[in-house]
Each structure stands twice: as structure tokens, then as C-alpha cells.
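Right, one structure below, let's go through it.
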Amino acid sequence: MGPSKTMTEPARSTGPVLVAGAGIGGLTAALALARVGHKVIVAERSPELAEVGAGLQLSPNACHVLEQIGALDAIHGAGFEPEAVRIRSARSGEDITRLPLGSSLRKRFGAPYLVVHRADLQRALFDTANKHPEIEFRFGHKVAGLEDEPDAPVRVRFETTSGSTNIDAFAVIGADGVWSALRGMIPGHSEARFSGRTAYRATVSSSRVPDDLLTDTGLWLGNDAHLVHYPVHGSKDFNIVALIEEDWTEKTWSGSVDRASFLQHFGRWAPEVKALLSVPDTWLKWALCGVDGSGPWTHGRLALLGDAAHGMLPFAAQGAGMAIEDAAVLASCLKPGTDSPVAALKTYEAKRKDRVVKVQQTAVSNGKIYHLSGPMAFARDTVMRLAPPARLSSRMDWIYGWKPPA
Ligand SMILES: Cc1cc2nc3c(=O)[nH]c(=O)nc-3n(C[C@H](O)[C@H](O)[C@H](O)COP(=O)(O)OP(=O)(O)OC[C@H]3O[C@@H](n4cnc5c(N)ncnc54)[C@H](O)[C@@H]3O)c2cc1C
């Protein structure tokens, strides 16, 4: 499997753009590409929309794109706009600082900061795409190979339940997630690696959670672990994510959790946070894996997008945001009917890479800061307590202030 050797620019190409993967990146890409005039086929390995996952934070940079592709209103209805991020010490339970979100960010950046369940986001994107006359879906299609010859459409081979099938396309977008099959077809590609961190996620009814936790995003900083929570499903439910430094010994990259041994991680945390952690009856865990975004993302008429290109730690809450930004930039570079799709995809990669790598680095650095212990944690908390909230917030302006090409 893999693209064949000759990667010279083909003669003027026609036909649909093929997007592999109906996750957040693939669905946004389908809508962004259709918006500029492409016909799009989305091929997804699952037999139906795989509405898995938990909560996601969507900052104004991502919301601008969602607005541009006509999906923001539906997402806003299913999401929630927190007033602030309330940061607390997991050990003492004391407040460290509260950074404004809500109307403050909306006013500064012209788009909201939303929290939403991944399933609601994916459903809203799918429903919008499914109504679009130029977007077609093929479920139960798993990428199995690719042929890219000059002067011919690029051909992707899929495995389906009824055997193997080919789809010919003008260009192929690999939005097939962190374990991307299409990434393996790019010479010199980065490999996905386990980060040494695990995410434990649970969703409970908001009625089981104290009212004072329902207005803000909560962030609790502890030694070698932190906790994030916020309302989802239009604030009907409450999403809790605990992120812990530990080894991964399971055979698969996600799994069920032994509740008692999970709760032992937090034995020395403050009573109010322990009470919150004991609310969910079940937790699911995910190994956090990443892909170095500085590796190649394109080869011939194949380009990667989202986690396939640059899966990242969730500590800047930007994995989906960067996939969504990728989609908008890709659509602005790949004009319908262009006679140079290879060059267009290279331009897309060049426009995105520095920013995405910098966001990946920010996520790594946030992880180190969040998990400090002893005197270093004390120093961090003191600096955060003393700094004006607006100044602390402004550290994210370079991420939140991004806008998609027109
Ligand atoms: C704990 C945690 C918290 C997070 N919090 C945030 C947050 O607050 N904000 C944020 O922006 N991001 C967050 N993220 C990251 C975010 O979830 C991902 O970056 C984002 O969902 C990636 O989207 P994607 O479309 O690239 O990949 P995916 O969502 O993984 O979609 C890939 C799709 O491709 C399909 N597929 C896979 N292989 C094949 C194949 N061979 N053929 C065909 N189809 C295939 C899959 O079935 C899937 O539908 C978080 C992640 C985690 C783990």
C-alpha cells in the first residue's frame, strides 16, 4: 500500500475531492470545500456516524470557521458559553484566579467561546453537510490503499463489508485521525506516540453537580494531574475530564476504568473535588497519543488534516480547533478546477505548519505548568493570583485571535 513513485503535477484535473474520515476535521473540511465549489465525497470507516467522545472547548478561532460554513447556530444551540475559567488548587481547594470568557471574549474576538459535547458538534456538522447537494457520504469505507499517477485521477482503495472498492478523486484529504492509514502513505511521515498521559472522562446529569460549578469551565491543578469540567448538551449534562501522568498497559488505546483504583489517584485532593470525582458511576479512559506536526503532511495529491497530521495533547484545548482551522485554510488554497493541486496542497501545508507546531508546543508546556508540585507549584499559583486576569488571558490571544481566509 502507498502512492506510486511518480508525483509530478497532473494535467488539469476534475472530479470530487475525497475526504477520508467523518470526524470533526473531515466534516468541517467537507463543508469548507463545498463552500468554495468542490464536489466532495466523505468516506468513513464506521458503518454509521461514530458519535463517540466527550466534551470539547471551541475557542473563537474555531467558531469563526464554524460560522463561515453555516454550522455555528446549530452548535451554539447544543453547546454552552461559560462565563469564565475558574482555576483552583486541587490540593487546598482555594481559588487561584478566574479568567473571563463569555461576553468578554465574544467582544474581543467577534465569536463565542463554547463548550460542547463532541457528539453534538459532530451531529451538527453532519446534518449541515448532509443537506448540502455537493456532499456525498460513504459509510463503512475503510482506507486500504492509494494510487497517485500523473494525468489520472488519484485512486483510493477501500475495504467494505462487501469487498474492496475504489473511489477516484481530484485530491484526497486524510482526516482519518491520530492512527491515520493515509499518513503511512507519506514518505518520512511522523508516527503516533503515546504521551505518558491518560484522560479519564465522564458525563453526568448537571442536577448531580453543585450549582456553583455550572457557570464556568473549572480547572483544578494538582501534582502530576489536573481536572477540567464544564456543562455540555446545552448545560443539561456535565463533562468531567481528569488528566493523569501514568503508563498505559492496556491492549487498546481506550477502555473501561476500575472506579476504586481511579479515585485513589486523588486521595490527597481537597474534599470538594473528591466529592465531584465520586459523582460518576462510570468513567472511560483514553491513552493520549500525539503526532509530531513538523513531519510532512502532503505527498502528491494527498494531504493530511487534523489529528492525522498533528494529533496533540489536549492541554491547550485546541486539537479540534486546529483541525477546524486546517479545513478553512485547505479550502482557500485548493481552488476547484486548479491545474496545480499538488502545489495547492503544499501551500496549505506551508500556511498551517508553523502555527500548529507552536500550538502543540504550548499544549506540552501547559501540561508541565499544570502538573508542577512543591515549591514550583506554590510559585505558579502565586504568580497567577497576583497577575491581572486580563493579562493572563492575553497569553492566548495569538490562538483565539486567528480568523479564517474570506
Ligand atoms: C481528553 C481529550 C480532550 C480534548 N479536548 C479538546 C478541547 O477541549 N478542544 C479541542 O479543540 N480539542 C480537544 N481534543 C482534541 C480533539 O478531540 C481532536 O483533536 C479532534 O477530535 C480530532 O479530529 P479529527 O477529525 O482530526 O479526528 P477524529 O475525530 O479522530 O476523526 C477521524 C475519523 O476518521 C475515521 N477513520 C479512521 N481511520 C479510517 C480509515 N482507515 N478509513 C476511513 N475512515 C477512518 C474515524 O472513524 C473517525 O470518524 C481533546 C482530546 C482528548 C482526548
Mind listing just one residue for me: the one in region 78-93 that is in contact with a Ser or Thr (Cβ under 6 Å, 6 or more places away or on another chain) and open to solvent by 20 Å² or more (accessible area, probe 1.4 Å) and, of those, farthest from MET396 (Cα to Cα)?
-> PHE80
Go through the residues of region 278-298 one by one and say whether even a single one is without any contact (Cβ under 8 Å) to a residue 60 or more places away in the chain and either of a type in the set (Ser, Thr, Tyr) or open to solvent by 10 Å² or more (accessible area, probe 1.4 Å) (or both).
-> yes
Of all residues in region 295-311, count the ones that are charged (D, E, K, R) and more than 15 Å from ILE324 (Cβ to Cβ).
-> 1
Qualifying positions in region 168-182 - within 18 Å of ALA320 (Cα to Cα) and crowded, with 19+ Cβ neighbours inside 10 Å = ILE173, GLY174, ALA175, ASP176, GLY177, VAL178, SER180
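Per-residue answers, yes or no, for (1) more than 15 Å from LEU219 (Cβ to Cβ); (2) touching a residue at least 60 places away in the same chain (Cβ under 8 Å); (3) in a helix (DSSP H, G or I):
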| residue | (1), (2), (3) |
| --- | --- |
| GLN360 | yes, yes, yes |
| ASP381 | no, yes, yes |
| ARG385 | no, yes, yes |
| ALA390 | yes, yes, yes |
| ARG395 | no, no, yes |
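Condition check ((1) more than 13 Å from the ligand (Cβ to nearest atom); (2) under 22 Å from PHE315 (Cα atoms); (3) at pLDDT 90 or above; (4) open to solvent by 60 Å² or more (accessible area, probe 1.4 Å)) across all residues:
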{"site": "GLY222", "(1), (2), (3), (4)": "yes, yes, yes, no"}
{"site": "ASN239", "(1), (2), (3), (4)": "no, yes, yes, no"}
{"site": "ALA242", "(1), (2), (3), (4)": "no, yes, yes, no"}
{"site": "LYS251", "(1), (2), (3), (4)": "yes, no, no, yes"}
{"site": "ARG259", "(1), (2), (3), (4)": "yes, no, yes, yes"}
Taking region 123-152 only, how many residues are more than 17 Å from LEU302 (Cβ to Cβ), in contact with a helix residue (DSSP H, G or I) (Cβ under 8 Å, 6 or more places away or on another chain) and touching a residue at least 60 places away in the same chain (Cβ under 8 Å)?
-> 9
Per the filter on region 50-77, residues aliphatic (A, V, I, L, M), more than 13 Å from the chain's Cα centre (by Cα), open to solvent by less than 50 Å² (accessible area, probe 1.4 Å) and at pLDDT 90 or above are VAL65, LEU66, ILE69, ALA71, LEU72, ILE75
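Going through SER180, SER104, SER89 one at a time, which residue ends up being among the hydroxyl-bearing types (Ser, Thr, Tyr) and farther than 30 Å from PHE238 by Cα? Full working, then the answer.
Details: SER104 fails: farther than 30 Å from PHE238 by Cα; SER89 fails: farther than 30 Å from PHE238 by Cα.
One residue alone meets the criteria, SER180.
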Exception for THR203 within (1) within 11 Å of the ligand (Cβ to nearest atom); (2) closer than 30 Å to GLU81 by Cα; (3) not small (Gly, Ala, Ser) falls at (1)
Would you check if there is a residue in region 310-331 being away from the ligand (no atom under 16 Å from the Cβ) and open to solvent by 20 Å² or more (accessible area, probe 1.4 Å)?
-> no
Scan region 292-331 residue by residue and report those that are of a type outside the set (Ser, Thr, Tyr) and over 21 Å from LEU121 (Cβ atoms).
-> ASP292, GLY293, GLY295, PRO296, TRP297, HIS299, GLY300, ARG301, LEU302, ALA303
Could you please find all residues in region 195-226 being at positive phi and charged (D, E, K, R)?
-> ASP224
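The values are calculated or read from the model by the stated rules, or taken from the named source; none is laboratory data. Keep in mind that this is a model prediction, so the values were computed, not measured. Glycine gets a Cβ as well: all are built from the backbone with ideal geometry, and neighbour counts include every protein chain shown. With ligands, DNA and RNA removed, areas are computed over all heavy atoms of the protein, side chains included. Shrake-Rupley method; radii C 1.70, N 1.55, O 1.52, S 1.80 Å.
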